[in-house]
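*Asks:* Let me give you the structure first, and then I'll get to my questions.
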Amino acid sequence: LEGRESSLRSKILESDITLNIAKHESELAMRLNCAAHDGDLYRLSRLIGAGAEPNRTDYDGRSPQHLAASKGHGDITVFLIQRGVEINARDNFGYTPLLEAVKNGHDHVASLLVEAGALLGIDNDGTYLCEAVAKRDLEYLRRLLANGINPNSKNYDSRTPLHLAASEGLYPISVLLLEAGASVFVVDRWG
């Protein structure tokens, strides 16, 4: 009976320790992300210097690099790149830090990430570009194209962004797509 009690106590203690470690790690990830979000390089560097893992993610799979990129904090982006963080990590929504920078119009941060080898990480380029055209967001479309998306990418109907822009009479967007190399000879699923 004593052996069972001792074993049970050990298991409970082990469980409590594991729970406390997980709670501590989760809290550290939150503190890192808050520092990155707020642009607080001093606090971020102190946390990492004290042993916090800079690749740690929050409940949405977002790392400090995701948040720094989405907020346009170039100094934090450079600091994290120098610490060897994963620059192509995807969060739970499939977004990379580079895509966050592009989506939010932070061209300087996007260029820092590209220089470090970051990729947009978009699974369906055609759908993404067609959505930008449908929203008539010329600047966002320009940033996507500047960061390497193929202007001839197709969506689920084999339509390209140029098909959509032309059918909607979106002249400035059509010109941008043509200048980026969009082909007028691509056919969609209807020919």
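*Asks:* What FRET efficiency, computed as 1/(1 + (r/R0)^6) with R0 = 45 Å and r the Cβ-Cβ distance, is obtained for residue 111 and residue 190, rounded to the nearest 0.05?
*Replies:* Details: r = 39 Å, r/R0 = 0.87.
Computed FRET efficiency for residue 111 and residue 190 comes out at 0.70.
*Asks:* Looking at the chain, which longest stretch skips every one of the GluC sites (Glu not before Pro) that is in a DSSP loop with at most 16 other Cβ atoms within 10 Å, leaving the sites themselves out?
*Replies:* Counting at most 16 other Cβ atoms within 10 Å as exposed, the longest clean stretch of the chain is 1-85.
*Asks:* Based on other C-beta atoms within 10 Å, arrange 185, 93 from fewest to most. Write out the running numbers ahead of the final one.
*Replies:* Numbers: 185 5, 93 11.
Listing 185, 93 from fewest to most nearby Cβ atoms yields 185, 93.
*Asks:* Can I ask one more? Can you pull out the trypsin sites (Lys or Arg not before Pro) in region 101-169 whose DSSP state is coil and whose Cβ has at most 13 other Cβ atoms within 10 Å?
*Replies:* Numbers: sites: 103, 135, 136, 142, 143, 154, 159; in loops: 135, 136, 154, 159.
Those that pass, being in a loop and sparsely packed, are 135, 136.
*Asks:* Out of these labelled values of Rg and Dmax of the Cα atoms in Å, [x] 22.6, 83; [y] 15.7, 45; [z] 14.8, 46, which was calculated from the coordinates shown here?
*Replies:* Recomputing Rg and Dmax of the Cα atoms in Å here gives the entry labelled [x].
*Asks:* Using the 10 angstrom Cβ neighbour count as an exposure proxy, how do 137, 123, 60 rank, fewest first?
*Replies:* Details: 137 14, 123 8, 60 11.
Fewest-to-most ranking of 137, 123, 60: 123, 60, 137.
*Asks:* Let me check against my output: what whole-number percent is the relative contact order of the chain, with C-alpha pairs under 8 Å and at least 6 apart? Walk me through the intermediate numbers first.
*Replies:* Details: 245 pairs, mean separation 24.3, N = 191.
This gives 13 percent for the chain.
Bear in mind these aren't lab numbers, they're just calculated from the coordinates by the rules spelled out. Note that this is a predicted model, so its numbers are computed, not measured. Positions of Cβ are generated from backbone atoms using ideal geometry, with glycine treated the same way; all protein chains shown enter the neighbour counts.
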